[in-house]
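Asks: Got a structure here, written out as structure tokens. Questions coming.
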Amino acid sequence: MLFCRLMPTVFLLSATMLVSPALAAVPEPGHGPLHKGGPVERSGSGHIDSEAYLRGIVAVRMGDDTQAAQAFRTALQADPANTELLRQAFVRNVMAGDPQAVELAHLVEKTPQDRSVVSALVLGNDAAVRGAWADATQYYRRAGEDPMTHLILPLLLAWCEQAQGHADAAIESLLHPQTPLLLPFYTLHAGIIAQVAGQSERAEALFERAQKIMPGEDMLLARSQAAWLWNHGQQEKARATLRKLVEADSILGLAGPALQANISHYPVTSMREGIAHAYVLSAFLLRQQAREQGAEGEGGALNLFQINEAARLMLGFALGMDPTLVDARLMLAEIQDNEQHFTAARETLAHVPPQDPLAIVATLRLAVLETTNDHPEEAIPLLRHLSEQAPGRIVIERALGTALSQTKDWKGAIAAYTRAIDLANAQKMPDWTLLFLRGMAYHEAGDWAAAKADTRAALAYAPDEPLLLNFLGYGMVEQHEDLAEAEKLLRKAHELDVHDAAITDSLGWVRVERGDLAGGIPLLEKAAEQTPEDPEVNYHLGEAYWRMGRKAEAVDQWNVALGLHPSAADEALIRAALQKAGVPAAPAGEQPAAAPASAPASAQPIQEQGKHTP
């Protein structure tokens, strides 16, 4: 949504910036000063406030930068000469956006060997906020002593030049980047600088040049160019520019009317806003690096934690320059949610200005966040409001159906999915996933005929989708209808995804139901190894053992299943099986006996659970 989707790896920031002294100060599990014989390196007096320090570490892991900043400042007061602790306090205060980060940056800068890219940027940003542009330039250039700031530094310096009345020099500095593939973004900022400086004709030419070389749709460019066109009497061309932007993204499409209503407003009208957008670009590129290079391993130069820390730092800088910048808030909330910091993500989205054209996108993001974090009751009113505010939107009806499904309001979910399906069909864009979602809701509501019809309709669009094949095949087994066709469907699903435990279980179960115990039990045992905490799989395996005459093992397996918090329907089946065996069932929630050797259990974490009815 924010930038073009065709971002080459060559655009990405170098890893070196991520391991600067300030960013490296926060230890990760198994690494850093906390795991080297003490809480921090004892470069100070040695009088460590361990309680405050540990509070800070816990707060970092919880994603609460505000609490972490306060805790590390408290620890620093007890040992102000501890340079390692100073760096940790500094980083957390920067991440929290706390004004005291500036004071801490000055302390860091007093010792040349402790200076870092981050401290220079913090002081440069502070000078920019105060309008001290010569000082800002000096600090930003100091950050440039680290060559890994090659992407952000030209943009920062260009905006400082503009602020000091040197627009021509600023524009020229951006038109010949060392990395040619950065040219679209630098050209865009050059055009914005020209517009802010009142060089209207030059801005037009630069926007057109950027549009020609941009390898995809870019929101900042589209909004800037549309505003220019509108304010120069080219209203229809301006509207077409925004329509093209929102048509490329169904989520951004929600903001189409509001963007059109604000079409005359330039998204950047000041130097601070320009710098804020430069930081958002840096964060975006860092996240692309995480996606495209899969930087997750401890042994590599980068890991996902460090990349997200650096991206959040850039977004914090952006919001420090422009707290109303919704682009930054949307990206920051996504990172926080990915890191399972739900409260922080919710707080980030709560501060989106309601009058911003992208506020509707932020509301949808918040609703999805609430749903995925098991708060559908909070999401449903938001989604109903959005449905009234922007009627006829597939993405809203889909999200509403999902939230209603979580509350087991199957009738409401079916209605929402039906509206989404009708909209998709009317737009001649049928979507098998919507049919599948409605089919599952029908299944849960007890209408297997409707569920089956939807799943077969979905298979007409996606005949090789294992999820659909498994759902239909397993449902037929549940209903004891045409087991031969069910096995055919499940064999195909298994061939397409041989490692899916739920599909393996389904295929094993249909064989057992057809009397092929010798063929079914190995598959069920394999599924139990892959998902030892799935009560449905354990129930199936117990039933297969019972039919094979391995009754003691069957009882053990059912007791295991009963202790795994099964659904009400599965619990009824398990208790009925134990009653059939003539033995008392273990009370719900009680730790069951370990599974016998003939029912192997894996020590691996659960990967799949309940995928028969996702």
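Asks: Excluding residues fewer than 8 places away in the same chain, name every one of the lysines whose C-alpha is closer than 21 Å to that of residue 237.
Replies: Output for residue 237: 212.
Asks: Whenever you get a sec, line up 179, 372 from highest to lowest accessible area (probe 1.4 Å, protein heavy atoms).
Replies: Ranked list, largest accessible area first: 372, 179.
Asks: Also, I was wondering about something else. Quick check: pseudo-label points 7 Å beyond the Cα along Cα→Cβ at residue 150 and residue 460, how many nm apart are they?
Replies: For residue 150 paired with residue 460, the spin-label model returns 5.5 nm.
Asks: Hey, could you grab the Kirkwood Rh for region 187-238? Inverse mean 1/r over distinct alpha carbon pairs, Å, one decimal.
Replies: Result for region 187-238, one decimal place: 10.7 Å.
Asks: Within a Cβ distance under 13 Å of residue 272, other residues only, what is the Lys/Arg minus Asp/Glu net charge?
Replies: -2
Asks: For region 369-475, just list the percent of Cα-Cα distances falling in each 10 Å bin from zero outward, please.
Replies: Going out from 0 Å in 10 Å bins, region 369-475 shows 16, 45, 33, 7, 0 percent.
Asks: Which aspartates and glutamates have a Cα lying under 15 Å from the Cα of residue 110, excluding residues fewer than 8 positions away in the same chain?
Replies: Here the aspartates and glutamates satisfying the reach criterion relative to residue 110 are 84.
Asks: On the protein heavy atoms, probe 1.4 angstrom, tell me the percent of accessible surface of region 117-212 carried by carbon and sulfur.
Replies: Exposed carbon and sulfur together represent 49 percent of the surface.
Asks: Calculate I(q)/I(0) for region 313-372 by the Debye formula, one identical point scatterer on each C-alpha and no solvent, and give its log10 at q = 0.13, 0.27 Å⁻¹ to two decimals.
Replies: -0.28, -1.16
Asks: Using 0.36 nm times the number of residues separating residue 481 and residue 164, minus their current alpha carbon distance, what extension gain do you get?
Replies: Here the segment from residue 481 to residue 164 would lengthen by 106.3 nm.
Asks: Probe radius 1.4 Å, ligands and nucleic acids left out: which of 217, 495 has the largest accessible area, and how do the rest follow?
Replies: Per-residue accessible area, sorted high to low, gives 495, 217.
Asks: Might you tell me the accessible area per residue for region 58-143, computed with a 1.4 Å probe and given in Å²?
Replies: Averaged over the residues of region 58-143, the accessible area is 40 Å².
Asks: Continuing with the same structure: With label points built 7 Å along Cα→Cβ from the Cα atoms of residue 243 and residue 388, find their separation and express it in nm.
Replies: For residue 243 paired with residue 388, the spin-label model returns 3.0 nm.
Asks: Same structure, new question: Taking the alpha-carbon distance from residue 488 and a cut-off under 25 Å, which lysines remain once sequence neighbours fewer than 8 residues away in the same chain are dropped?
Replies: Here the lysines satisfying the reach criterion relative to residue 488 are 452, 526, 611.
Asks: Please give the length that would be gained between residue 355 and residue 138 if that part of the chain were fully extended, namely 0.36 nm times their separation in residues minus their C-alpha to C-alpha distance (nm, one decimal).
Replies: Residue separation times 0.36 nm, minus the Cα-Cα distance, leaves 74.5 nm.
Asks: Leaving ligands, DNA and RNA out of it, report the carbon-plus-sulfur percent of the accessible area of region 433-521 at a 1.4 Å probe.
Replies: Its accessible area is 50 percent carbon and sulfur atoms.
Asks: Next up: Among 83, 149, what's the order by accessible area (1.4 angstrom probe), most exposed first?
Replies: Most to least solvent-accessible, the answer reads 83, 149.
Asks: With label points built 7 Å along Cα→Cβ from the Cα atoms of residue 129 and residue 497, find their separation and express it in nm.
Replies: 4.8
Asks: Then there is this: With r defined as the distance between the Cβ atoms of residue 347 and residue 208 and R0 fixed at 30 Å, what FRET efficiency is calculated, to the nearest 0.05?
Replies: Between residue 347 and residue 208 the formula returns 0.15.
Asks: Project the alpha carbons of region 362-417 onto their principal axes and report the range along each, largest first, in whole Å.
Replies: Each principal axis gives a Cα extent; for region 362-417 these are 25, 22, 14 Å.
Asks: Enter the mean projected area of the convex hull around the alpha-carbon atoms of region 423-501, in nm², rounded to one decimal.
Replies: 5.4
Asks: Determine one quarter of the surface area of the Cα convex hull of region 153-219, which equals its mean projected area, and express it in nm² to one decimal.
Replies: So the mean shadow area of the Cα hull is 4.2 nm².
Asks: Of 396, 372, 324, whose Cα points farthest to the positive end of the dipole of region 307-410 (charges on the beta-carbon: +1 Lys, Arg; -1 Asp, Glu; origin at the Cα centre)?
Replies: With unit charges placed on the Cβ atoms, the residue in question is 396.
Asks: Given 10 Å bins starting at zero, what is the percent of C-alpha pairs of region 87-238 in each, up to the one with the largest pair distance?
Replies: 11, 33, 29, 20, 6, 1
The values are calculated or read from the model by the stated rules, or taken from the named source; none is laboratory data. Here the structure is a predicted model, which means the values were calculated and not measured. Neighbour counts run over all protein chains shown; Cβ positions are idealised from the backbone, glycine included. Surface accessibility is based on the protein's heavy atoms, side chains included, excluding ligands, DNA and RNA. Shrake-Rupley method; radii C 1.70, N 1.55, O 1.52, S 1.80 Å.
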